[in-house]
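Okay, so here's the structure we're looking at.
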Amino acid sequence: CGSGAASPPPLRLRGGADDALTVRLEGLISASEVVVFMKGTRETPKCGFSKKLVALLEANGVPFTTFDILEDEEVRQGLKAYSSWPTYPQVYAHGKLVGGLDVLTEMEEEGELLTELNVAPATPAVITPE
């Protein structure tokens with residue numbers, strides 16, 4: 001568990017099995033507008049940084065999905081190499097690495113979180129009586 005600092009653009013893995021892993025990672029990264037690779041799930045984070053990040057995103061109405069890196073060692077290690085970002089959680093928006101908890105916290109403090117993620121806040125479902 002760690003928040004990490006700014007990193008260079010993603011690097012592609014190369015060769016044989018790595019090509020298949022790169023394709024898989026790109027599919028996971030692009031599966032939703034905002035994808036959080038974290039220890040645990042949205043409902044049960046297994047790391048303090050992951051828990052804080054989920055709370056930050058939910059408090060700001062950010063629609064997001066999660067991927068539990070503890071359930072897939074290949075993705076856990078491969079994503080570190082792919083992104084050149086050594087720690088988790090990692091947040092991707094529209095297929096691009098945004099950063100970790102520290103980066104998103106700074107965006108929130110500056111009032112730029114939704115703008116930087118390029119998402120509209122999720123609106124809770126409204127149930128109307130019949």
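In this view, the solvent-accessible surface of LYS51, computed with a 1.4 Å probe and all protein chains in place, comes to about 130 Å². Each residue of the stretch 66-73 was assigned a 3J(HN,Hα) from its phi angle through the Karplus expression (A = 6.51, B = -1.76, C = 1.60, θ = phi - 60°), giving 10, 10, 7, 5, 6, 8, 8, 5 Hz with x at Gly and Pro. Along the stretch 49-64 the Karplus relation, 6.51 cos²θ - 1.76 cosθ + 1.60 evaluated at θ = phi - 60°, assigns HN-Hα couplings of 5, 5, 4, 5, 5, 4, 4, 4, 5, 5, 4, 9, x, 6, x, 8 Hz to successive residues, with x for each Gly and Pro.
The values are calculated or read from the model by the stated rules, or taken from the named source; none is laboratory data. Keep in mind the model is a prediction, meaning the values are calculated, not measured. Heavy atoms of the whole protein, side chains included, go into the accessibility calculation; ligands, DNA and RNA do not. Shrake-Rupley method; radii C 1.70, N 1.55, O 1.52, S 1.80 Å.
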